Amino acid sequence: MNGIELYVPRERLPETDDDEYYHADLIGLAAVTTGDQPLGKVLAIHNFGAGDIIEIAPPQGATMMLPFTNAVVPTVDLAGGRVVVELPEEIEGEEPSQGRPRENTE
């Protein structure tokens, strides 16, 4: 069955539990900050083996890839067409913490 695309009618899919979503339901939702500032749209949900990653496409510039966890995405409002994102501090552009500089091991 390599190279064959399978389709299932939506009505045949099982209902999801609370805090459980089909990727197709999330793609295209608006992404806003907890302060209701627009970030962009949900482009994709990825899983590279260490948990789900939400990819957000801003109106301009590179996409953001953030952990799809309750801490980073505390609200998924399917009826309202949006996800609320709590941006980690380093994403907001704050200065990195005053720590020891990384050593070059080359």
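The values are calculated or read from the model by the stated rules, or taken from the named source; none is laboratory data. Owing to the predicted nature of the structure, the values given are computational and were not obtained by experimental measurement. Quick reminder, even Gly has a Cβ in these numbers, built from the backbone with ideal geometry, and neighbours come from all protein chains shown.
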Candidate set: the range 80-95, residues that are more than 13 Å from THR33 (Cβ to Cβ) and modelled with pLDDT of 95 or more; chosen: the one farthest from the chain's Cα centre (by Cα):
GLY80
Return only the number of the condition from (1) at pLDDT 95 or above; (2) out of contact with any strand residue (DSSP E or B) (no Cβ under 8 Å at 6 or more places or on another chain) that GLN98 does not satisfy.
(1)
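With the structure loaded, tell me whether VAL72 is modelled with pLDDT of 90 or more, in contact with a strand residue (DSSP E or B) (Cβ under 8 Å, 6 or more places away or on another chain) and assigned to a loop (DSSP other than H, G, I, E, B) or whether it fails that test.
So VAL72 passes the test.
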Quick one: how many residues across the range 19-61 are assigned to a loop (DSSP other than H, G, I, E, B) and small (Gly, Ala, Ser)?
6
Just one of (1) within 25 Å of ARG10 (Cα to Cα); (2) exposed (fewer than 12 other Cβ atoms within 10 Å of the Cβ); (3) without any contact (Cβ under 8 Å) to a residue 24 or more places away in the chain trips up LEU43, so point out which.
(2)
Scanning the range 7-34 for residues that are touching a residue at least 40 places away in the same chain (Cβ under 8 Å) and of a type in the set (Ser, Thr, Tyr), the one surrounded by the fewest Cβ atoms within 10 Å (Cβ to Cβ) turns out to be THR34
